[in-house]
Amino acid sequence: MKSPLLSLPGAVQAEGVDEGVAAHYGDLFREQRALADGTGFVDLSHRGVVTVSGEDRLSWLHLLLTQHVSELPAGQATEALILSAHGHIEHALYLVDDGETVWAHVEPGTQEALIAYLESMKFVYRVEVADRTADFAVVHLPAGSIADTPEGAVVRETAYGRDLFLPRADLESYADQAGPPAGILAHEALRVEQHRPRLGFETDHRTIPHELGWIGTAVHLQKGCYRGQETVARVQNLGKPPRRLVFLHLDGSEVHLPVHGTGIHLADEGPDGRKIGFITTSVRHYELGPVALALVKRNVPVDARLMAGETAAAQEVVVEP
């Protein structure tokens, strides 16, 4: 779904999964600084919007999600995962309940598969699941923003800022008064700085929550059964995940950033060294320079010098080995 905000001055459309919104509006670092200072907004209208209504909505979702939501207070933001039977991450939901309806935004293009799964699990529960992507757009306001929230808008407020669920027809008028726009690349740069994983970027077909630090923020360890819980409990109580998320400082002399999937090896083993991980997201940060998130094998020494393809990388621990 192509955003009308791509008509704003300087807008350059993003590529890949974020196609449909602006990558930037002409000045990537200025846009990052604005967000870090609590000004401006990010157009996330390409993300899927799913709602669950009905009197059983919270108790029903509690059975399906990794998060404790049976008593979720109205207006309190949370995030949750849906796992496979083997504990691998299939969906990530960023949700809030407005007192009558649970609103969630999800990765672009994943809402249809999510809704199909939810519909298959309804049974006798009094719930209604709906795809509201065509009617509502997500807008992100950074932490510290004093921008007004339109009356009646559903709001997810977190430590990282506010996500607004706006009627899609109001997106352009809201942009006119919300401050300078920032593209998805600025939003991604701050996400990487904050070590926050993203489905489809930091995940692959075998990722489990422990590898990314999603235990605690998206996975509640004291709740009842849900699909994949056995794997979560077993790894939490008896073992360690096979991989761990790291934050990388990349060699700033390189012209090109290593792309998603670029293999990582130990610098001491030379260019033909065995692959010990891969780049998940790489960005240029306005203060830190070129940085990235990556998944590496758990037993990689935390002080090891790494190479991402041909780019030297120094690691910071995100998930403890």
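The values are calculated or read from the model by the stated rules, or taken from the named source; none is laboratory data. Model, not experiment: these values are computed from the prediction. Please note: Cβ atoms are built from the backbone with ideal geometry, for glycine as well, and neighbour counts cover all protein chains shown. For accessibility, only protein heavy atoms count, side chains too; no ligands or nucleic acids. Shrake-Rupley method; radii C 1.70, N 1.55, O 1.52, S 1.80 Å.
Is there a residue being more than 27 Å from Glu31 (Cβ to Cβ) and at pLDDT below 95 anywhere in the stretch 291-298? No; the residues of the stretch 291-298 include none that is more than 27 Å from Glu31 (Cβ to Cβ) and at pLDDT below 95. Restricted to helices (runs of 4 or more DSSP H) entirely inside the stretch 26-133, those with at least 2 residues that are loosely packed, with under 15 Cβ neighbours inside 10 Å and among the acidic types (Asp, Glu) are 111-120. Of the listed requirements (1) free of Cβ contacts under 8 Å to residues at least 12 places away in the same chain; (2) farther than 20 Å from Gly87 by Cβ, Gly239 misses just one: (2). Scanning the stretch 1-25 for residues that are without any contact (Cβ under 8 Å) to a residue 12 or more places away in the chain and in a helix (DSSP H, G or I) returns Ser7, Gly16.
Taking residues in the stretch 97-108 that are free of Cβ contacts under 8 Å to residues at least 24 places away in the same chain, and partners anywhere that are open to solvent by 20 Å² or more (accessible area, probe 1.4 Å), not one pair has Cβ atoms closer than 6 Å while being at least 6 places apart or on different chains.
If you check Gly228, Gly216, Gly252, Gly239 for being at pLDDT below 95 and under 30 Å from Leu58 (Cα atoms), only one passes: Gly216.
Every condition in (1) crowded, with 18+ Cβ neighbours inside 10 Å; (2) within 30 Å of Ala292 (Cβ to Cβ); (3) not small (Gly, Ala, Ser) holds for Pro180 except the one numbered (1).
On the basis of being farther than 24 Å from Ala169 by Cα and among the acidic types (Asp, Glu), does Glu90 make the cut? Answer is yes for this residue. Any residue in the stretch 307-319 that is touching an Asp or Glu at 6+ places or on another chain (Cβ under 9 Å), modelled with pLDDT of 95 or more and under 16 Å from Glu211 (Cβ atoms)? Yes, the stretch 307-319 contains at least one residue that is touching an Asp or Glu at 6+ places or on another chain (Cβ under 9 Å), modelled with pLDDT of 95 or more and under 16 Å from Glu211 (Cβ atoms). Output yes when any residue across the stretch 149-167 is crowded, with 16+ Cβ neighbours inside 10 Å, touching a residue at least 60 places away in the same chain (Cβ under 8 Å) and of a type in the set (Asp, Glu), and no when none is. Yes. Just one of the numbered conditions (1) open to solvent by 50 Å² or more (accessible area, probe 1.4 Å); (2) acidic (Asp, Glu); (3) out of contact with any strand residue (DSSP E or B) (no Cβ under 8 Å at 6 or more places or on another chain) is not true of Glu19: (3).
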